[in-house]
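The values are calculated or read from the model by the stated rules, or taken from the named source; none is laboratory data. Please read all numbers here as calculations on a predicted model, not as lab measurements. Backbone-built Cβ (ideal geometry, glycine too); neighbour counts: all protein chains shown. To get the accessible areas, we keep the full protein, side chains included, count just its heavy atoms, and leave off ligands, DNA and RNA. Shrake-Rupley method; radii C 1.70, N 1.55, O 1.52, S 1.80 Å.
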Amino acid sequence: SQWGEENLQALSIQEGEDVTMNCSYKTYTTVVHWYRQDSGRGPALIILIRSNEREKRSGRLRATLDTSSQSSSLSITAAQCEDTAVYFCATGASSFSKLVFGQGTSLSVVP
Amino acid sequence: EAAVTQSPRSKVAVTGGKVTLSCHQTNNHDYMYWYRQDTGHGLRLIHYSYVADSTEKGDIPDGYKASRPSQENFSLILELASLSQTAVYFCASSDASWGNTGQLYFGEGSKLTVL
């Protein structure tokens with residue numbers, strides 16, 4: 001089915017644990033965006049990885065990209081309660097292209 | 001100082017009525033987008049625009065029209081609202097020019113309920 005039509009995946013973890021969310025894409029991609037959406041808010045970019053990068057880090061976030069398997073992952077180290085949100089990946093063939101969003105992962109971090 | 005603002009933030013409409021959702025951006029971006037989000041689902045692109053007075057169809061344009069009268073403003077129009085159009089609508093802008101990331105900057109969303 002098309003992206004966006006599938007149900008959100010849901011993950012629940014304890015505070016302090018590490019977590020990895022996966023994203024697979026179907027079309028030629030030069031950039032993968034990861035967005036975070038807090039309840040009742042619009043999504044906001046948290047990390048971006050280009051096709052010439054295998055890994056990108058930003059604080060406790062780590063994104064990977066494997067163009068051969070057309071997949072990307074987002075890892076959060078030592079998750080905190082404030083990391084509770086929905087996380088989406090979005091892919092595009094270029095900075096001019098419209099982004100295609102994945103179905104998203106609803107992450108709940110409990111004390 | 002929100003760079004993408006949407007109005008109204010919430011609206012209840014009747015089936016068959018006309019609904020206009022408005023979006024204003026102060027990012028000076030050329031690209032603007034309208035996405036739809038259904039409860040428990042991801043974002044789907046309805047319409048987008050890369051220049052004033054021109055709009056393009058996204059992935060789910062049926063039942064929607066768009067208008068871009070200026071670089072700053074982008075509207076989504078439902079001429080005959082239907083129950084199936086109950087959703088949250090997000091506007092976004094991006095600087096999709098060469099060398100930039102194409103990062104989307106989203107508004108806070110407009111929750112539409114059609115009864």
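Listing for the model above:
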quantity	calculated
Cα-centred dipole magnitude for the protein assembly as shown, charges only on beta-carbon of K, R (+1) and D, E (-1), debye, nearest 20	260 debye
Placed amide H near B:D59: partners under 5 Å, 5+ positions off or other chain	B:L45, B:I46
Per-residue mean of C-beta atoms belonging to partner chains within 10 Å, peptide B:38-51	5
Global geometry of region A:10-106, whether rounded, prolate or oblate, following the gyration tensor of its Cα atoms and the 1.5 cut on a/c	prolate
Two-site label geometry, A:S68 and A:A93: point separation in nm, points 7 Å out along Cα→Cβ	2.5 nm
Alpha-carbon centroid distance for the pair region B:50-115 / region A:52-92, whole angstrom	27 Å
Å² of accessible area per residue within chain B, as computed with a 1.4 Å probe and no ligands counted	46 Å²
Cα-Cα pairs of chain B separated by more than 26 Å (percent)	13 percent
Per-residue average of Cβ from other chains inside 10 Å of B:103-110	5
Mean Cα-pair separation over length for region B:1-60, i.e. relative contact order, pairs under 8 Å, 6 or more apart, %	24 percent
In the protein assembly as shown, lysine pairs closer than 19 Å at Cα, eight or more apart or cross-chain	9
With 5 Å bins from 0: P(r) over the protein assembly as shown, alpha-carbon pairs, percent	1, 7, 15, 18, 19, 17, 11, 7, 3, 1, 0
Average beta carbon contacts from partner chains per residue of B:29-36, 10 Å cutoff	1
Options A:V32, A:P43, B:S75, ranked by Cα towards positive dipole end of the protein assembly as shown, top entry (Cβ charges)	B:S75
